[in-house]
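> Below you'll find the structure I mean.
The values are calculated or read from the model by the stated rules, or taken from the named source; none is laboratory data. Remember, predicted model here, so these are calculated numbers, not experimental data. FYI the Cβ positions are ideal-geometry reconstructions off the backbone, even for glycines, and counts take in every protein chain you see. We work out accessible area using only protein heavy atoms, side chains counted, and drop any ligands, DNA or RNA first. Shrake-Rupley method; radii C 1.70, N 1.55, O 1.52, S 1.80 Å.
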Amino acid sequence: MAEESVPLTFEDQFAEAFAPATADINATYVIISGVFVFLMQAGFCMLTAGSVRARNARGIILKNLMDTCVAALVYFLLGWGLAGLLIGDGNSFIGTSQFALGGLDPTMLYNWFFQFCFAAAACTIVSGALAERATFVSYILYSVLIIGFVYPVVTHWVWSPSGWASAFRSEQADGTFRSLLFGCGAYDFAGSGAVHMVGGVAAFAGAALLGPRMGRFDANGKPVPIPGHNVALAVLGTFILWFGWYGFNPGSTLMVMNGTSAIVARVCVTTTLGGAAGGIMTLFTHVLIQYKTTGKVVWDVMVAANGALAGLVAITAPCATVEPWAAIIIGMCGAWVYLGGSYLNSHILKIDDPVDAIAVHGWAGIWGVLANGLFATEGFVAQTYGTMPGTEDGVRLYGGFYGGGGKLFAAQLVYVLAIIGWVGGLMGMFFFALKMAGLFRVSAEVEAEGCDTSHYGGSVYHGLTPETGAGATAPASKGVFPSKGDAA
Amino acid sequence: MADVAPVLTEAMAAEVNALIEANVGTTLVADVNNYFTVFSGYLVFFMQAGFAMLCAGSVRSKNAKNIILLNILDACFGCCAWYLTGFAFAFGDPVPFEHCGGLEGPALLECEAGDPIPGLSASQAFIGNRFFAQSNLPRSSFWLWFFQFTFAATGATIVSGAVAERCKFEAYMLYELMIVMFVYPVVAHWMWSTCGWLSPWRSEATAAKQSYLYFAGSGVYDFAGDAAVHMVGGVASLAAAWVLGPRIGRFDAAGNPVDMPGHNASLTLLGVFLLWFGWYGFNPGSAVAFSLTGSENYSKVAIAVAINTTVGAAAGTICTLFIAMAYQYFTLGVVVWDLIIAGNGALAGLVSITGPCGFVNTWAAFIIGGIGGFVYFVASKVNLNVLKIDDPLDAIAVHAGCGVWGLLAGGAFSAPGMVTDVYGTMPDGSQRPYGFIMGGNGSVLAANSMAILVVFGWTLAIMTPFFILLKKVGLFRVSPEVEAQGLDVSHHGEFSAL
Amino acid sequence: MADVAPVLTEAMAAEVNALIEANVGTTLVADVNNYFTVFSGYLVFFMQAGFAMLCAGSVRSKNAKNIILLNILDACFGCCAWYLTGFAFAFGDPVPFEHCGGLEGPALLECEAGDPIPGLSASQAFIGNRFFAQSNLPRSSFWLWFFQFTFAATGATIVSGAVAERCKFEAYMLYELMIVMFVYPVVAHWMWSTCGWLSPWRSEATAAKQSYLYFAGSGVYDFAGDAAVHMVGGVASLAAAWVLGPRIGRFDAAGNPVDMPGHNASLTLLGVFLLWFGWYGFNPGSAVAFSLTGSENYSKVAIAVAINTTVGAAAGTICTLFIAMAYQYFTLGVVVWDLIIAGNGALAGLVSITGPCGFVNTWAAFIIGGIGGFVYFVASKVNLNVLKIDDPLDAIAVHAGCGVWGLLAGGAFSAPGMVTDVYGTMPDGSQRPYGFIMGGNGSVLAANSMAILVVFGWTLAIMTPFFILLKKVGLFRVSPEVEAQGLDVSHHGEFSAL
């Protein structure tokens, strides 16, 4: 070491001496953050399990478990390679190497683990939207497609050093700089677009093609509420998700040393403020609307829980680049976007989304990406993305509200439209093909009875009589609490 | 080392060492510590999920949705309240020697040794006064903001159990704002700020306007918040449950308590486990540092805390379970191992060890946790049978009762070496006071007793009139019809079926 | 920085480097590693919550409270037992070179190279003998105590599933003390202590009184505890379930098994997810270090483990689900995707990869996890249909069955480079033995097979007589009336409604 670079300075010495420890600490940080993100699988599972009727809970839990497993295998074989997140010389559309982790430096493996957890999260968003009527096989096929192709390509666009929408585009081999989209690239720090919108748009395509559950709309086309069977589970899921978000957002710094812990702490703060503002604003807006229309005041816990999630989704893209006060505004607007999206879905488009995944992840995700074009501050952008390559002053573009001009907003908008087009187009075709093949939806009899008895080895609850409340939400037909039919 | 010829002069080596220290201190170590603290904050945040499940399982199913909503809003409103004024009142202190920034060498030394910090007022001992809505808060302090926010939210959520099944949703929101915006931050300031009048973190600079340095010669030893978090929450629960009155049917005509078991023991115990898990952020995280330059293995503080936490909880659970079994055996003649009592016993042990966890040996943690279980059991019986206060989750007995015991135990069992590890030595280099059982004098006990008194006084003095006012204007309690029917039907849409 | 001469000669640079290393190595890196390990311990502790939910959901509702109580007491009694003797038997070894403290330079070298450690006895290969009740345990080793406690508690809790719905509460407490105080620590000592007779961590100093250095030339490669944790728990489950006999109604008059599904699959799967989450502490944490001075990117060990853990679980789940589906399709002609089987498959994959996770490539983890699912499925059928053992949670098949497979897989798939990363080279600087499929010889397989045999022998030899004794004195099983009625009503107060 020493002989290469004599004479040395103290600075060199320090850098060299601390480098191994710093790298290791950064790697632990990413791994532990990834473990938190992994727990979001449990959160999604509990959220959807509690949000469906008891007779379909077992199936939805199985789908959630399986998409985790499928994500691990498929992301290993295909997804990571197509995402090409560490490859600077890939093309701007898709990654083309490191399939099955071949050729990946072992010291970089932590990135795979972290990204796998993200892929699983993106995939599992859809399970709720297709709940109670999609077949198991179609869901597994969907998981393979989204993890193996659709999702990684989007992440390549925005997070790879060569992606067309990426703000990380770097020097090419010949020393020239790649041009950035609108001179800035899209800022999607932790994935409002790449993760949540992908899931939300796929959910939209799936739910639209699958059609509503029986009885979701009455003869006049008015939506009839089909509440879930277990609020405690659903809110447990929400809390676990929020907890996992502390791996999702702050973990996306991918490092904690060399002063980045200040960014990490700031992301914690903005994430918290965004979620809190979303929860409060959604609840109050909902109460207000309800009071105006029906004259009753009802504080609905599931609305608050979804609102908090919408706030968290909205703050996911801008969490590192906005001021704390802006996080509150973004979370609040996220609440309204969520409520508007939910209304649009159920009352105008007549799409049945049992857990409001489209509104929470799709609509709030769009808002989160766009909000970055408005609220990103110059200083935080520089801190997060570094100086602008190939320019003299090194200033990156920042949000329109700070006088940064409209180019960043334009880039964010193009990025949003590209995701909608890509995911909506591909997944729409795929779900349509499934539908044509008759693989997509369970038969009407099975749906009426609930999928668990016939498909998933019995009811989720065994040996219980429905408690007082169960009758209100799910008719106590033989499908709800049957004795288990055949041997396992 | 021995093999290398000493090319560096002694002076150069010393300078290199100083450079290393400076370098390690400002970059690596600060980052590692921030990393540690924010992760601990995540675990503390997860305690919200624990409380939600604990409460949801412990109430009747007709009120489950209501109490879960209270719990999720705790986090949301707590965050806003902490943003606006909470952090400012608690930690809005002038930074010592901030005014020396830019100076170097002898000028810096002179500045540091000089007069008290500019901007320090006498009121600073009582309440912080800057950083409202994070204005001017340096980014390098955001980790503290986040970590302390999770504490504030945890403290506030304690009350939701005590007022369950009968409190109006609107009243709870007002209470939440009140406690996180003002009541809790002030107590936290007293105990933990570098300026607080009971704090052992004071220095000659921050205490400059007062006549003493450490209260009772030691300051209050409250490592992770028995006084600031648990007692504030527990005493507020006492005020709330007392003003609110018992649930319909909780006491029969003769005034004897009637059992009202919760609807789902699995959820309750899931909540206990989540809380226990989160406590590993709460207690060890309160070290707020894992590594210090110039101190070998500073991590031993946080690790000893983790062990004490485990041991305290284990001892609390076992003691409570056996005490409850014995009690039932002698009164009713049957042997029953009550799960819910055991779960509360775990929480009692955890609360008891929260205050002294940084200062006591492992064997002492067994004793503290075990007695904590006993304290909880007695406090719970007194509450119910003597004071006739209806506390659906036993929040008063667990958090106020065991919080008091934890502070007293800190005065008794604090071990000299461990106190020094946490607080350093006295300004004159002598040993800090420690527990009287360990051979020290009574100053820690005196200071901690003072903390108990002032927390009781402060919290009751503010929260009782507040709750009475709410009651007078008819905002506090739901109507008897709604209560009989369950809050979920009328206020929160449909039933939580399960 | 500006004050110091900016340019160093090579010799000076070396000395500066040494200073930095000493400084960073003893403080920062040690602290960071402790942090990593303790944090992993928290996650492992959280597995208690996972087991509690898994068990609660998998039993009938009339026994849910009982089994949750067993699970919370596992942590509590486990803590006491580990404090008293567990840690001492497992890791109570003389510290190598402790006696050289204070020596320097050549004297130190001579001392280190010299005779075996004073205080080392031949029995040290079998069992540890100091640090009872933490006496004389240096605080710098507390991190190990805590981390290993969470392992002991996890191993013990496995049995609660196998004895569910019929075991007496008092018997379970005695079992818990027995296994954590003695049975588990001894096995852990064999595998993981620097002195243990099967351990690959031995050195010439610690193995001085034995005729060999590594058993079978390699020692047992058990990274995170297939032998010590899962097999001990699984084999004890076998003994317990066999002595206890099946639940009433589990087999019909003809001896055919009758299904007894659990009451709440949501809770069961919540438990699976929490366990999987906790496993990220269990497996990667077993590296017990994330950074080593003098080794670049030591974190790669723990990271590879995290990935292998994920892959193993995923492969296990998928394989098991498809095997179960195919089996049902061929026997009954219907396609059913059974959730509970898939959940157990995830656990089977996790257990299978626990032993070899530090030594195998990612592709091997797929194979190990997948075959683990198959092993679980077959073991479960054999248990139920051939041995007629009633194991409500399939704990025997998952933990003992896949534990055996994991050890065998370690003998087959261990990759040379990864073994070196974990254990270093042989004392003579040559490559450690590795798996026979990877081109190595059979020594790892031989050593791991020996581990399987001795764990079976040791655990059965102690636990079977113990359980039989409990049965003889009538302490083991509840009366048929109580069993029929459910344990919750008679022993634990009211129903857990759900």
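> Scan B:Gly411, B:Gly486, B:Gly406 and give me the residue that is touching a His at 6+ places or on another chain (Cβ under 9 Å) and surrounded by 20 or more Cβ atoms within 10 Å (Cβ to Cβ).
Values: B:Gly411 fails: touching a His at 6+ places or on another chain (Cβ under 9 Å); B:Gly486 fails: touching a His at 6+ places or on another chain (Cβ under 9 Å).
Every option except B:Gly406 fails the conditions.
> Could I ask something else about it? I'm checking my understanding of the structure. Among residues of region C:256-280 that are of a type in the set (Val, Ile, Thr) and in a helix (DSSP H, G or I), which one is surrounded by the most Cβ atoms within 10 Å (Cβ to Cβ)? Spell out the reasoning first.
From region C:256-280, those of a type in the set (Val, Ile, Thr) are C:258, C:268, C:272; that's our starting set.
If we keep only those that are in a helix (DSSP H, G or I) too, we end up with C:268, C:272.
Details: C:Thr268: 25, C:Val272: 29.
The extreme case among them is C:Val272.
> Can you tell which of A:Val416, A:Val480, A:Val442, A:Val460 is in contact with a helix residue (DSSP H, G or I) (Cβ under 7 Å, 6 or more places away or on another chain), open to solvent by less than 20 Å² (accessible area, probe 1.4 Å), β-branched (Val, Ile, Thr) and modelled with pLDDT of 95 or more?
Working: A:Val480 fails: modelled with pLDDT of 95 or more; A:Val442 fails: modelled with pLDDT of 95 or more; A:Val460 fails: modelled with pLDDT of 95 or more.
None of the others qualify; the one that does is A:Val416.
> Here is a check on your reading of the model: is C:Ala289 of a type in the set (Gly, Ala, Ser), within 26 Å of A:Cys117 (Cβ to Cβ) and modelled with pLDDT under 90?
Details: of a type in the set (Gly, Ala, Ser): yes; within 26 Å of A:Cys117 (Cβ to Cβ): yes; modelled with pLDDT under 90: yes.
Criteria met by C:Ala289.
> Next question, about the same structure. Of these, C:Ser299, C:Ser286, which one is surrounded by 24 or more Cβ atoms within 10 Å (Cβ to Cβ), out of contact with any Leu (no Cβ under 6 Å at 6 or more places or on another chain) and without any contact (Cβ under 8 Å) to a residue 24 or more places away in the chain?
Exactly one residue qualifies, and that residue is C:Ser299.
> Let me ask something else about it. Counting just the residues of region B:167-208 that are among the β-branched types (Val, Ile, Thr) and open to solvent by less than 10 Å² (accessible area, probe 1.4 Å), which one comes out farthest from B:Asp391 (Cα to Cα)?
Applying the filter and picking the extreme gives B:Thr206.
> Counting only residues that are touching a residue at least 40 places away in the same chain (Cβ under 8 Å) and within 14 Å of another protein chain (Cβ to nearest Cβ), give me the helices (runs of 4 or more DSSP H) lying completely in region C:397-498 with at least 1 of them. If you could, list the steps in order and put the result at the bottom.
Details: elements: C:402-413, C:416-423, C:443-472, C:480-485, C:487-491.
Correct list: C:416-423, C:480-485, C:487-491.
> Filter region A:36-48 for residues that are farther than 14 Å from C:Gly271 by Cα and within 8 Å of chain C (Cβ to nearest Cβ) and give the result.
Of everything in region A:36-48, just one residue is farther than 14 Å from C:Gly271 by Cα and within 8 Å of chain C (Cβ to nearest Cβ), namely A:Phe38.
> Within region B:373-390, is even one residue within 16 Å of B:Gly316 (Cα to Cα), open to solvent by 10 Å² or more (accessible area, probe 1.4 Å), within 19 Å of the chain's Cα centre (by Cα) and of a type in the set (A, V, I, L, M, F, W, C)?
Here is the first cut: in region B:373-390, the ones within 16 Å of B:Gly316 (Cα to Cα) are B:373-380.
Subset that is open to solvent by 10 Å² or more (accessible area, probe 1.4 Å): B:374-375, B:377-380.
Cutting the leftovers down to within 19 Å of the chain's Cα centre (by Cα) gives us B:375.
With of a type in the set (A, V, I, L, M, F, W, C) added as a condition, the list becomes B:375.
Yes, region B:373-390 contains a residue that is within 16 Å of B:Gly316 (Cα to Cα), open to solvent by 10 Å² or more (accessible area, probe 1.4 Å), within 19 Å of the chain's Cα centre (by Cα) and of a type in the set (A, V, I, L, M, F, W, C).
> Based on this model, can you work out whether B:Trp242 counts as in contact with a Ser or Thr (Cβ under 9 Å, 6 or more places away or on another chain) and within 14 Å of chain C (Cβ to nearest Cβ)? Lay out the reasoning, then the answer.
Numbers: in contact with a Ser or Thr (Cβ under 9 Å, 6 or more places away or on another chain): yes; within 14 Å of chain C (Cβ to nearest Cβ): no.
So B:Trp242 does not fit the description; no.
> Among the residues of region C:209-221, what is the count of those that are among the aromatic types (Phe, Trp, Tyr), surrounded by 20 or more Cβ atoms within 10 Å (Cβ to Cβ) and assigned to a loop (DSSP other than H, G, I, E, B)?
2
> Looking only at helices (runs of 4 or more DSSP H) that lie completely in region C:1-86, which have at least 1 residues being within 26 Å of the chain's Cα centre (by Cα), modelled with pLDDT under 85 and at the interface with chain B (Cβ under 7 Å from one of its Cβ atoms)?
Numbers: elements: C:10-23, C:30-58, C:64-81.
The helices (runs of 4 or more DSSP H) meeting that bar are C:30-58.
> Which of the residues spanning region C:132-160 are within 12 Å of another protein chain (Cβ to nearest Cβ), assigned to a loop (DSSP other than H, G, I, E, B) and open to solvent by 30 Å² or more (accessible area, probe 1.4 Å)?
If the condition is that a residue be within 12 Å of another protein chain (Cβ to nearest Cβ), assigned to a loop (DSSP other than H, G, I, E, B) and open to solvent by 30 Å² or more (accessible area, probe 1.4 Å), then C:Ser135, C:Pro138 are the ones that fit.
> Collect the residues in region B:424-444 that are open to solvent by less than 50 Å² (accessible area, probe 1.4 Å) and aliphatic (A, V, I, L, M), keeping them in residue-number order.
B:Met426, B:Val444
> Which residue is farthest from A:Ala310 (Cα to Cα), if the candidates are limited to region A:254-280 and must be surrounded by fewer than 24 Cβ atoms within 10 Å (Cβ to Cβ) and more than 8 Å from chain B (Cβ to nearest Cβ)? Give the steps one after another, and end with the answer.
Pass one, region A:254-280, residues surrounded by fewer than 24 Cβ atoms within 10 Å (Cβ to Cβ): A:254-255, A:257-260, A:262-263.
Imposing the further condition that a residue be more than 8 Å from chain B (Cβ to nearest Cβ) reduces the set to A:254-255, A:263.
Numbers: A:Leu254: 24, A:Met255: 26, A:Ile263: 23 Å.
Checked region A:254-280; the qualifying residue farthest from A:Ala310 (Cα to Cα) is A:Met255.
> Give the residues of region B:355-372 that are of a type in the set (Val, Ile, Thr) and buried (at least 24 other Cβ atoms within 10 Å of the Cβ), sorted by residue number. Lay out the reasoning, then the answer.
Start the filter on region B:355-372 by keeping residues that are of a type in the set (Val, Ile, Thr), which leaves B:360, B:362, B:367-368, B:371.
Listed by number, the residues that qualify are B:Val360, B:Ile368.
> Of all the residues that make up region B:161-183, how many are touching a Ser or Thr at 6+ places or on another chain (Cβ under 9 Å) and either among the aromatic types (Phe, Trp, Tyr) or not in a loop (DSSP other than H, G, I, E, B) (or both)?
The first filter runs over region B:161-183 and keeps only residues touching a Ser or Thr at 6+ places or on another chain (Cβ under 9 Å), leaving B:161-164, B:167, B:172, B:176, B:179-183.
If we keep only those that are either among the aromatic types (Phe, Trp, Tyr) or not in a loop (DSSP other than H, G, I, E, B) (or both) too, we end up with B:161-162, B:167, B:172, B:176, B:179-183.
So the count comes out to 10.
> Next question. Does any residue in region C:203-224 that is within 30 Å of C:Thr309 (Cβ to Cβ) come within less than 6 Å, Cβ to Cβ, of a residue that is open to solvent by 40 Å² or more (accessible area, probe 1.4 Å) six or more places away or on a different chain, and which pairs are these?
Every condition considered, the pairs that remain are C:Thr206/C:Thr194; C:Ala216/C:Ala446.
> For region A:312-329, which residues satisfy the criterion of being open to solvent by 10 Å² or more (accessible area, probe 1.4 Å) and assigned to a loop (DSSP other than H, G, I, E, B)?
In the first step, residues of region A:312-329 are kept if they are open to solvent by 10 Å² or more (accessible area, probe 1.4 Å); the result is A:323, A:325, A:328-329.
Within region A:312-329, just A:Glu323 meets the criteria.
> Counting just the residues of region C:222-255 that are in contact with a helix residue (DSSP H, G or I) (Cβ under 8 Å, 6 or more places away or on another chain) and part of a loop (DSSP other than H, G, I, E, B), which one comes out surrounded by the most Cβ atoms within 10 Å (Cβ to Cβ)?
If we take residues in region C:222-255 being in contact with a helix residue (DSSP H, G or I) (Cβ under 8 Å, 6 or more places away or on another chain) and part of a loop (DSSP other than H, G, I, E, B), then C:Asp222 is surrounded by the most Cβ atoms within 10 Å (Cβ to Cβ).
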